[in-house]
Amino acid sequence: MSSPLEAGGARRDTVAGMAALRCGDAGAAPVLLVPGYTGSKEDFAPVLDPIAAAGFRAVAVDLPGQFESAGPDDPGEYAVDRLGQRVLRAAAALGPRVHLLGHSFGGLVARAAVIAAAERFASLVLLDSGPSALAGARAERIRLLAPLLPHLGVAGVYAAAAAAEAAEPGYVAPGPELAAFYERRFLAGAAAMLAGMSAALLSEPDRVGELAATGVPVLVAFGSADDAWAPEVQRRTASRLGAQAVEIPGAAHSPAVENPAATAAALIRFFTMLGTLVQG
């Protein structure tokens with residue numbers, strides 16, 4: 001497993017008011033990478049150099065309220081469609097047509113952006129994302145923790161979430177440096193972001209038909225042991241979209257850090273296959 005702290009040649013920047021990691025030549029075809037709930041741009045750090053080396057311009061962002069991006073105080077501003085508009089602003093800053101990738105909750109946001117303005121996107125990658133609201137054990141944990149936020153604050157929710165995760169069978173603690181980063185990132189997040197994104201993640205409708213109607217080429221990729229949306233659910237989503245489904249071995253819900261070589265290879269094959277030369 002690689003580390004989200006290993007950003008290689010990526011440089012820190014901002015895109016449309018959001019904190020970003022950029023890697024690659026300014027004139028190369030842009031790839032915009034959108035993280036999931038409680039995630040950040042660092043979740044893509046291990047794949048940025050390979051994507052850039054393949055001739056693309058990789059730009060990973062923190063969504064509003066996440067880690068190093070400021071966000072509004074209204075939880076309603078973190079609804080999927082509202083965040084999709086922020087992704088559209090970032091895409092417009094990168095070029096006329098952009099390859100878009102969304103991980104987990106970020107996939108729901110990226111999907112909304114494509115549905116809203118399909119002409120802005122050369123392709124969409126749904127990475128460990130589902131057709132509709134999150135279900136199962138991860139969703140239940142969010143339902144249990146969300147009511148604690150007004151009483152315990154972000155720090156209290158982090159402590160409760162960390163304790164719940166550590167109690168799971170087979171839990172492996174991250175090293176001290178990585179653990180410190182995860183805590184720092186979570187505590188930097190806005191309380192309104194946690195409230196708004198959790199509500200959105202648990203209520204998203206099935207919009208696969210709307211996405212299919214856009215005609216934007218889609219790749220569905222997922223870790224072979226994903227425990228958020230099950231691999232079979234994501235395969236069915238790909239089938240409904242007429243899209244390729246790629247299972248990434250040796251990975252669960254974070255393939256870009258769990259198996260970055262296979263993840264980057266799948267992405268590069270997809271972008272290259274499309275043969276779309278997008279000038280930024």
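The values are calculated or read from the model by the stated rules, or taken from the named source; none is laboratory data. Predicted model, so just to flag it, every value in this text is computed and none were measured. These accessible areas exclude ligands, DNA and RNA; they are computed on the full protein's heavy atoms, side chains included. Shrake-Rupley method; radii C 1.70, N 1.55, O 1.52, S 1.80 Å.
The mean sequence separation of alpha-carbon pairs under 8 Å and at least six residues apart, normalised by the residue count of segment 101-182, gives a relative contact order of 21 percent. Counting only protein heavy atoms and a 1.4 Å probe, tell me what percentage of the chain's accessible area is made up of carbon and sulfur. In the chain, the share of accessible area belonging to carbon and sulfur is 55 percent. I need the shape label for segment 233-276. Rule: rounded when a/c is under 1.5, else prolate if a/b > b/c, else oblate, with a, b, c from the alpha carbon gyration tensor. Verdict is oblate for segment 233-276. Mean separation of Cα pairs under 8 Å and 6 or more residues apart, divided by the residue count, gives segment 8-163 a relative contact order of 20 percent.
Between rounded, prolate and oblate, where does segment 122-193 land on the alpha carbon gyration tensor, with a ≥ b ≥ c its root eigenvalues, rounded for a/c under 1.5, else prolate if a/b exceeds b/c?
rounded
Structural size metrics of segment 146-187, computed from C-alpha coordinates, are Rg and Dmax of 11.2, 31 Å. The Rg/Rh ratio of segment 63-115, with both radii computed over alpha carbons and Rh defined as the Kirkwood radius, is 0.96. Sequence-distant contacts, meaning Cα pairs under 8 Å at least 6 residues apart, place the relative contact order of the chain at 23 percent. Put one equal scatterer on each alpha carbon of the chain, apply the Debye formula with no solvent term, and list log10 I(q)/I(0) at q = 0.08, 0.11 1/Å to two decimals. The calculated log intensity ratios at q = 0.08, 0.11 Å⁻¹ are -0.28, -0.56. Just need the Rg to Rh number for segment 1-126, please, alpha carbons only, Kirkwood Rh. Radius of gyration relative to Kirkwood radius: 0.94.
Computed from the C-alpha gyration tensor, the three semi-axes of the ellipsoid equivalent to segment 151-280 are 31, 20, 16 Å, from longest to shortest. Averaging over all projection directions, the Cα-based convex hull of segment 102-152 occupies 4.6 nm² in the image plane. Of all the options 162, 112, 265, the one that moves most in a Gaussian network model of the chain with Cα springs shorter than 10 angstrom is 162.
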